[in-house]
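Peer 1: To start, I am sharing the structure in question, which I have written as structure tokens.
The values are calculated or read from the model by the stated rules, or taken from the named source; none is laboratory data. The shown structure was predicted, so the numbers you read here are calculated from the model rather than taken from an experiment. Here the Cβ is made from the backbone with ideal geometry for all residues, glycine too, and neighbour counts use every protein chain on show. We work out accessible area using only protein heavy atoms, side chains counted, and drop any ligands, DNA or RNA first. Shrake-Rupley method; radii C 1.70, N 1.55, O 1.52, S 1.80 Å.
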Amino acid sequence: MEQTRTLIAALASGVTALVLVGAATTAPASAPVAGTGGGIPDAQGEPWAGRTVRTVGKLVTDLGGGRMGICSGAIVDSPSGSVVATAAHCVRSPQYPGTPVRGWFSPAHDGSGTAAVVRTGWRVTSYHTPPGWDVARGLEQILPHDYAFVTVERKNGRTLAESYGANRVDFAAPAAALRVAPFGYPSSPPFDGESLSYCAGTAELLTRDSAHEANVGGLLLEPCRLTRGASGGPWLRDFDPVAGSGTVAGVTSVGSGDGRVLGRPFPPRQGRALLTRADTARTPAGADV
């Protein structure tokens, strides 16, 4: 199988630079395809025809010093109804290792601008990254752990999931080939960071035979032209456009800038533990507004 062994330009949040290292450029011809993607036809980075998806939104973080982080995320099913899945580098990164000063999630973001997210978004009350996401270590060592959850406030006595719905999270080991539809708010040209865009196709599960160690276990989708800002967006399978939800098979981690993106699945044991931690995080007093 053909392999790429060079560092490739990153797909990341608006302030973070990550790398996709040594991803294979071809998928195994014999790999059976799992999942349906909800019947969405192949797409390589197109505006979503429905403009918004209820359970997918824009995540904005205040990193301090006038710097703002821009990512994407998705509401996930949890007893608290207050958990959003995203990428770990959207929470903290080697470049910005501290926890964000503040954060907001805007579900079904409709192009109203970042300032509107800050004014009307659901305030993030806690951030949760896996133990393996230690930003003091080398990027290649921590990239397999690029998944996270954030917990948000309640509004007017209602949870985020009660107001918008939620996606299931798939904690099972991914199939060798999986039909998925990544969604997000890419911000680098030709995208504007305000319009929901998506790709759809069959992703390849990367193995030690097909990829650099940093990318093993990730899902590779190509061609897909999503850019910075799409990080943390959900890779949905079995998507129901009417309900606006599906099953999160992973979240956008990194990409090449030339049409390849990597989704990071949630590992069974560590992923479930992290979701439980986010779900049971205490909401600070006054968070129910």
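Peer 1: Filter the range 182-209 down to residues that are aromatic (Phe, Trp, Tyr) and in a loop (DSSP other than H, G, I, E, B) and give me whichever is most open to solvent (accessible area, probe 1.4 Å).
Peer 2: Among those that are aromatic (Phe, Trp, Tyr) and in a loop (DSSP other than H, G, I, E, B), it is PHE191.
Peer 1: Test GLY263 against the stated conditions and say whether it is small (Gly, Ala, Ser) and either outside any loop (DSSP other than H, G, I, E, B) or at pLDDT 95 or above (or both).
Peer 2: yes
Peer 1: Pick from the range 158-173 the residues that are out of contact with any Lys or Arg (no Cβ under 6 Å at 6 or more places or on another chain) and open to solvent by 40 Å² or more (accessible area, probe 1.4 Å): which of them is nearest to THR276 (Cα to Cα)?
Peer 2: Among them, the one singled out is ARG168.
Peer 1: Pull up the range 156-179, narrow it to residues that are in contact (Cβ under 8 Å) with a residue 60 or more places away in the chain and of a type in the set (Lys, Arg), then point me to the one that is farthest from SER245 (Cα to Cα).
Peer 2: ARG179
Peer 1: Could you tell me which residue of the range 120-152 is farthest from SER253 (Cα to Cα), considering only residues that are open to solvent by less than 20 Å² (accessible area, probe 1.4 Å) and out of contact with any strand residue (DSSP E or B) (no Cβ under 9 Å at 6 or more places or on another chain)?
Peer 2: GLY132
Peer 1: Give GLY246, GLY217 a once-over and let me know the one that is open to solvent by 10 Å² or more (accessible area, probe 1.4 Å) and touching a strand residue (DSSP E or B) at 6+ places or on another chain (Cβ under 9 Å).
Peer 2: GLY217
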